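To keep things clear, I will list the structure first and then write my remarks on it.
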Amino acid sequence: MRSLALAIAVGLVGAAALHIVIILALPGWTGNDAWTRVVRLGETDRFYALANEANSSGLLNEDLHINVAVCRFDLTEGPVRVQASGAVPVWTASAFDTDSSETFSINDRSSISEDVDITFVTPAQMLQLRRAMPESLASSVLVALVRPEGYVVLRAVAPLPSLVAGARAFLTGADCATLVV
Amino acid sequence: MLRLPLLVLVALVIAFGGGVWSARLALEASSGFGALELGPWAAFPELQSPGADPYAKAHRARNGLLLLGRAEGLIFTASADSEGAALSARCAYRLEGGTPLARFWTLRIVDGSGSPFSSEPGFPRSLSSWQALRLPDGAISVALTRAPHAGNWLRLSGDGAFRLVFTLVDTPTAGSAGLAVIDMPVIRRGACLDA
């Protein structure tokens, strides 16, 4: 009887250890996290507007009133500039790293102009740009990211069915391009 | 003679079964620590942040959703009514009360696993702050029923569990500064179909 109690106790300790290992190791093993899904969408430097219906990419507009586009970038080649313009009631954008952790977020009220104009740079590129800031980047929001790889999510709100076309146009017209410095 | 192998087997079964079961349970029950709970509504403002706890990180890696950044908004979900009973599509509900400060919000229904509620086209399955009719004091009142209803109405169908998702876009709520004074609508259950 005592040895059975001991076996159960050992089992419970093992269960607790395994629980901790599973929770800590899971982010690297699901193969289904947001970064993997974004990589599966396609190449870098272009926005992919998501569909409203469930599809094989696993990414969709969960909210019919909020249209989403996502662009994957890699800053090792140079800074990446994200631009979009159009009449949408509200737009928001945020950048995530390869762990799908937020590195930056902004909305139309906190941005400089009404249009989306964000440039993602590495700290080294930021120093370079500070020395000689190109005229064209003067009104762009400069964001230094520690990790060069990541993705940016752009959302356009369409509160009414008649505004969906405008939000879609805003996202399909969105530009995500590596700058040549 | 077979005692020792049997005991080892018991220990292994408890360790593996218990470990896997408890990890699954923990990831399905919640999105991590640090939930903001307002009645039946819960939000996880730190879910997308680099400082999220290991449960939140495991949860978001498993679900693979594009989360809202801090400046973008905050998502509240409810899987129970204000009395604490699980939401079921067999019952009628009414949401009543004020909405938190936000530039835009949407209210939608998802099924128990979190995927969008299947609904025939033409029936309303989400409501936005631009479309919602308001009471004279600015509060909202939304009917969740099977049959059409005057005023704000979202259609329930099927007979399983469902969840309500309240998305706030560009809200100071995400900074959680004034959260204690923010009120979310209460969810009252009405009549249920007989089993």
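The values are calculated or read from the model by the stated rules, or taken from the named source; none is laboratory data. It should be emphasised that the depicted structure is a prediction, and the values quoted were computed from it without experimental measurement. With ideal geometry, Cβ positions are generated from the backbone for all residues, glycine too; neighbour counts draw on all protein chains shown.
Observations, loosely collected:
- Residue satisfying condition, being more than 14 Å from every other protein chain (Cβ to nearest Cβ), in a loop (DSSP other than H, G, I, E, B) and modelled with pLDDT of 90 or more, within set B:Ser82, B:Ser157, B:Ser141: B:Ser82
- Note on segment B:67-108: among residues that are farther than 30 Å from A:Ala69 by Cβ and charged (D, E, K, R), the one that is surrounded by the most Cβ atoms within 10 Å (Cβ to Cβ) is B:Asp81.
- If you check B:Arg94, B:Arg103, B:Arg90 for being within 8 Å of chain A (Cβ to nearest Cβ) and touching a strand residue (DSSP E or B) at 6+ places or on another chain (Cβ under 8 Å), only one passes: B:Arg103.
- For segment A:123-171, a residue qualifies if it is within 19 Å of A:Thr92 (Cα to Cα) and of a type in the set (Ser, Thr, Tyr), and the qualifying residues are A:Ser139, A:Ser140, A:Tyr151.
- The strands (runs of 3 or more DSSP E) found entirely in segment A:141-181 that carry 3 or more residues being modelled with pLDDT under 95 and surrounded by fewer than 23 Cβ atoms within 10 Å (Cβ to Cβ) are A:141-144, A:175-178.
- Here B:Leu66 meets the list (1) under 24 Å from A:Val153 (Cβ atoms); (2) at the interface with chain A (Cβ under 7 Å from one of its Cβ atoms); (3) assigned to a helix (DSSP H, G or I) almost entirely, failing just condition (3).
- Filtering segment B:85-128 to residues that are in contact with a Cys (Cβ under 6 Å, 6 or more places away or on another chain) and without any contact (Cβ under 8 Å) to a residue 12 or more places away in the chain leaves nothing.
Listed here are the residues, each with its yes/no results for (1) surrounded by fewer than 19 Cβ atoms within 10 Å (Cβ to Cβ); (2) out of contact with any helix residue (DSSP H, G or I) (no Cβ under 8 Å at 6 or more places or on another chain).
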site: A:Ala16; (1), (2): yes, no
site: A:Leu24; (1), (2): yes, no
site: A:Thr30; (1), (2): yes, no
site: A:Gly42; (1), (2): yes, yes
site: A:Phe47; (1), (2): no, no
site: A:Ala51; (1), (2): yes, yes
site: A:Ser57; (1), (2): yes, no
site: A:Glu62; (1), (2): no, yes
site: A:Cys71; (1), (2): no, yes
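- Residue in segment B:36-58 that is more than 9 Å from chain A (Cβ to nearest Cβ) and among the polar types (S, T, N, Q) present: no
- The selection criterion, being of a type in the set (Lys, Arg) and more than 13 Å from the chain's Cα centre (by Cα), does not hold for A:Arg72.
- Residues within segment A:79-89 that are surrounded by 21 or more Cβ atoms within 10 Å (Cβ to Cβ) and either among the hydroxyl-bearing types (Ser, Thr, Tyr) or more than 30 Å from A:Gly28 (Cα to Cα) (or both), tallied: 2
Table: residues versus (1) closer than 24 Å to A:Leu160 by Cβ; (2) more than 8 Å from every other protein chain (Cβ to nearest Cβ); (3) touching a residue at least 24 places away in the same chain (Cβ under 8 Å).
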| residue | (1), (2), (3) |
| --- | --- |
| A:Arg72 | no, yes, yes |
| A:Glu77 | no, yes, yes |
| A:Arg81 | no, yes, yes |
| A:Ala87 | yes, yes, yes |
| A:Val90 | yes, no, yes |
| A:Phe96 | no, no, yes |
| A:Phe104 | no, no, yes |
| A:Asn107 | yes, no, no |
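Let's see how each residue does on (1) in contact (Cβ under 8 Å) with a residue 40 or more places away in the chain; (2) hydrophobic (A, V, I, L, M, F, W, C); (3) within 21 Å of B:Val169 (Cβ to Cβ):
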position: B:Leu12; (1), (2), (3): no, yes, no
position: B:Gly18; (1), (2), (3): no, no, no
position: B:Trp21; (1), (2), (3): no, yes, no
position: B:Leu36; (1), (2), (3): yes, yes, yes
position: B:Pro45; (1), (2), (3): yes, no, yes
position: B:Pro54; (1), (2), (3): no, no, no
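- All positions within segment A:82-111 that are of a type in the set (D, E, K, R) and either within 14 Å of the chain's Cα centre (by Cα) or at pLDDT 95 or above (or both): A:Asp97, A:Asp99, A:Glu102
- Residues in segment B:40-66 that are under 25 Å from A:Asn55 (Cα atoms), surrounded by 22 or more Cβ atoms within 10 Å (Cβ to Cβ) and out of contact with any Gly (no Cβ under 9 Å at 6 or more places or on another chain): B:Leu66 alone.
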